[in-house]
Amino acid sequence: MTSYNAPIRDMRFTLTHVVGLDQVATLPGFDVVTPDLADQVLEEAGKLARDVLAPLNWVGDQEGATLENGAVRTATGFRDAYWKYVEGGWNAVPFDPDYGGQGLPWTLALPIQEMWTSANMSFSLCPMLNQGAVELLTIHGSEEQKKTYLEKLISGEWTGTMNLTEPQAGSDVGAVRTKAVPQGDGTYLITGQKIFITFGEHDFTNNIVHLVLARTPTAPAGIKGISLFVVPKFMVNADGTLGDRNDLRCSGLEHKMGIHASPTAVMSYGDNGGAIGYLVGEENRGIEYMFTMMNNARLGVGLQGVAIAERAYQQAVDYAKGRVQSRALTGKDPAPVTIINHPDVRRMLLTMKSQIEAARALAYYTAAALDNAHHNPDRDAARKAAALNDLLTPITKAWCTDLGVELSSLGVQVHGGMGFIEETGAAQHYRDARIAPIYEGTNGIQANDLVFRKLLRDGGSAAQTLIAEMRAVATEARNGPGDDLETIGQRLEEAIVALETATAWVLDTGKSDLSAVAGGAVHYLRLFGITIGGFLTAKGMIAAQDLLRQRGADTSFLDGKMITGRFYADQILPLTAGLVAPITAGHRSIMALGEDQF
């Protein structure tokens with residue numbers, strides 16, 4: 001297995017010339033984010049990812065996490081790596097300085113998170129879920145809860161989890177049965193079982209703060225009767241020290257296809273009468289509060305698709321440059337050449353590279369919208385940024401994670417038969433990537449969220465605003481110098497026309513036939529993702545063309561940007577035209593086959 005080196009040049013280029021980190025840095029509280037600071041942060045994070053986390057990726061896959069007498073032991077080296085991560089202050093990057101955070105924007109925090117995930121996806125899941133817990137308590141927690149938990153969670157001294165799923169209630173959160181009985185003193189006794197709890201138990205820290213969905217005795221049925229509770233592994237005394245162990249335990253670890261080093265726990269609450277929990281906010285508003293954590297996690301999971309694809313790509317490139325097989329198709333030399341010289345291998349590598357860069361830009365672009373939604377002092381600009389972030393979140397989660405699976409699979413293909421052999425490590429990336437389209441809401445759920453909640457609910461307003469921005473970039477590219485810019489401008493315009501056609505159909509059909517809209521929702525999300533990818537790629541190409549004319553330009557990198565973007569224009573954007581028919585007509589056969597005919 002090859003090592004990992006963070007793609008800092010592309011990260012820096014994307015932040016500076018595509019996403020607009022300089023604009024984010026003008027928002028209140030972010031004035032410390034200078035180019036020099038951003039460079040320093042990326043460089044130092046890259047070292048930790050390369051030197052500490054990446055070497056443990058294979059070890060974690062082979063050893064996994066183990067459960068012994070209720071205690072979970074993580075793989076060799078993981079606990080030490082976690083404390084190096086904490087001691088470096090990395091857990092605190094995007095959080096409130098009032099509780100020990102560094103107060104940096106998500107736009108800069110996301111590239112760092114990408115590094116952790118590329119280097120070691122199993123490890124990265126613990127900080128990712130913890131940051132969601134911090135976000136939730138920051139927004140919805142009481143002052144007492146913030147005082148008790150935030151500083152320790154932000155520093156990384158403690159970690160947080162999300163407890164939604166139960167054996168009978170997967171994506172249908174409204175079917176949750178875990179009970180919460182009020183005790184009259186402000187506490188509740190929690191009883192029930194949760195499954196698929198990432199890092200629900202581990203040996204990194206001496207306390208774990210569980211955020212648990214449960215029902216009170218008087219709660220109405222369904223999703224409107226769900227409340228949210230803080231349930232610590234160890235009770236916290238008034239002075240901040242740890243008290244007695246709460247009535248909760250890890251009763252099992254799931255045996256998974258991938259992410260073996262991430263302990264996915266079965267959590268039992270109240271075996272001895274009830275775990276003590278504290279209500280977050282008001283009763284029966286738990287799912288509303290939990291969506292703060294889930295949306296944070298959905299952006300993080302979308303980034304996982306980018307990160308795993310990047311790791312698979314780096315390994316595929318390394319293998320293609322070293323594997324000698326067959327003579328070149330051109331020339332008279334009969335000697336075999338490295339496989340990177342063969343056109344189909346080049347096609348696979350460029351398919352990976354071009355879409356990784358587009359997906360990376362989308363994830364960072366979404367983070368910039370999030371920062372503006374929360375910090376822009378212009379109310380109208382903040383409102384528009386919030387609408388954009390809402391629109392982009394399901395697209396980022398689903399399109400990027402679908403790409404993570406597709407491109408890590410392509411990485412296996414580049415290796416040929418050796419890719420199917422575990423020792424090369426290519427298979428691990430594919431196995432690890434496969435969970436991402438499933439958790440935090442399957443990609444089918446993300447597609448339904450996009451069409452029903454984000455498109456139909458506002459009549460397509462946010463989508464039309466984004467489409468107008470994309471068309472302006474397409475026009476700028478089409479009128480720019482050189483055939484490459486003209487081509488991506490033209491292909492992006494064609495993709496926008498396909499997207500507009502599909503959007504109009506969804507808006508019209510959604511008035512009378514929701515089932516038809518749902519039948520094409522996944523294709524619609526893919527169409528949107530590819531088009532936004534083209535839009536951000538075109539922005540990058542326009543910037544690269546301008547930079548190439550400057551003295552001292554990084555010619556090799558920028559020329560590579562132009563070629564990679566041209567590949568996206570030639571081979572990826574044209575796929576959008578073929579998605580219109582499945583979106584607008586595919587539903588006719590989906591529901592036609594009788595259940596007994598399957």
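The values are calculated or read from the model by the stated rules, or taken from the named source; none is laboratory data. The shown structure was predicted, so the numbers you read here are calculated from the model rather than taken from an experiment. Positions of Cβ are backbone-derived with ideal geometry, glycine not excepted, and every protein chain shown enters the neighbour counts.
Results, tabulated for the structure shown:
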quantity	calculated
Residue list for segment 137-158, restricted to those being of a type in the set (A, V, I, L, M) and surrounded by fewer than 17 Cβ atoms within 10 Å (Cβ to Cβ)	139
Filter result for residue 161 (polar (S, T, N, Q), surrounded by fewer than 23 Cβ atoms within 10 Å (Cβ to Cβ) and at negative phi)	no
Wholly enclosed helices (runs of 4 or more DSSP H) of segment 426-494 bearing at least 2 residues more than 21 Å from residue 507 (Cα to Cα) and out of contact with any His (no Cβ under 7 Å at 6 or more places or on another chain)	426-433, 461-478
Options 14, 74, 26; residue that is touching a Lys or Arg at 6+ places or on another chain (Cβ under 7 Å) and either touching a residue at least 60 places away in the same chain (Cβ under 8 Å) or not assigned by TED's automatic domain parsing to the domain that holds residue 133 (or both)	14
Residue list for segment 560-595, filter: hydroxyl-bearing (Ser, Thr, Tyr) and closer than 25 Å to residue 489 by Cα	564, 568, 576
Selection count where residues are of a type in the set (Gly, Ala, Ser) and surrounded by 21 or more Cβ atoms within 10 Å (Cβ to Cβ), scope segment 321-374	8
Positions within segment 252-268 being more than 20 Å from the chain's Cα centre (by Cα) and β-branched (Val, Ile, Thr), in sequence order	266
Check on residue 469, of a type outside the set (Val, Ile, Thr) and at pLDDT 95 or above	yes
Qualifying residue in segment 115-128 (condition: more than 19 Å from residue 439 (Cβ to Cβ), outside the structural domain of residue 217 (by TED's automatic domain parsing) and surrounded by 24 or more Cβ atoms within 10 Å (Cβ to Cβ))	yes
Given (1) outside the structural domain of residue 425 (by TED's automatic domain parsing); (2) not in a strand (DSSP E or B), number of the condition residue 250 does not satisfy	(2)
Residues of segment 425-472 that turn out to be of a type in the set (S, T, N, Q) and farther than 18 Å from residue 304 by Cα, as a count	4
Among the candidates 500, 423, residue that is in a helix (DSSP H, G or I), farther than 30 Å from residue 256 by Cα and over 26 Å from the mean Cα position of the chain (by Cα)	500
Conditions (1) surrounded by 15 or more Cβ atoms within 10 Å (Cβ to Cβ); (2) touching a strand residue (DSSP E or B) at 6+ places or on another chain (Cβ under 6 Å); (3) not charged (D, E, K, R); number of the one not met by residue 66	(1)
Segment 154-173, residues that are without any contact (Cβ under 8 Å) to a residue 60 or more places away in the chain and of a type in the set (D, E, K, R)	166, 172
Residues located in segment 52-97, provided they are over 23 Å from the mean Cα position of the chain (by Cα), at pLDDT 95 or above and among the acidic types (Asp, Glu)	63, 80, 87
Sole exception among (1) assigned to a strand (DSSP E or B); (2) over 26 Å from the mean Cα position of the chain (by Cα); (3) of a type in the set (A, V, I, L, M) for residue 211, by number	(2)
Any hit, segment 7-22, residues being outside any helix (DSSP H, G or I) and closer than 20 Å to residue 312 by Cβ	yes
Qualifying residue in segment 306-322 (condition: of a type in the set (Gly, Ala, Ser) and touching an Asp or Glu at 6+ places or on another chain (Cβ under 7 Å))	yes
From 187, 138, 178, residue being touching a Lys or Arg at 6+ places or on another chain (Cβ under 9 Å), not aliphatic (A, V, I, L, M) and not assigned by TED's automatic domain parsing to the domain that holds residue 83	178
Residue count for segment 174-190, restricted to those that are surrounded by 19 or more Cβ atoms within 10 Å (Cβ to Cβ) and of a type in the set (Val, Ile, Thr)	3
Out of 478, 549, sole residue that is surrounded by fewer than 19 Cβ atoms within 10 Å (Cβ to Cβ), more than 24 Å from residue 368 (Cα to Cα) and in contact with a helix residue (DSSP H, G or I) (Cβ under 9 Å, 6 or more places away or on another chain)	478
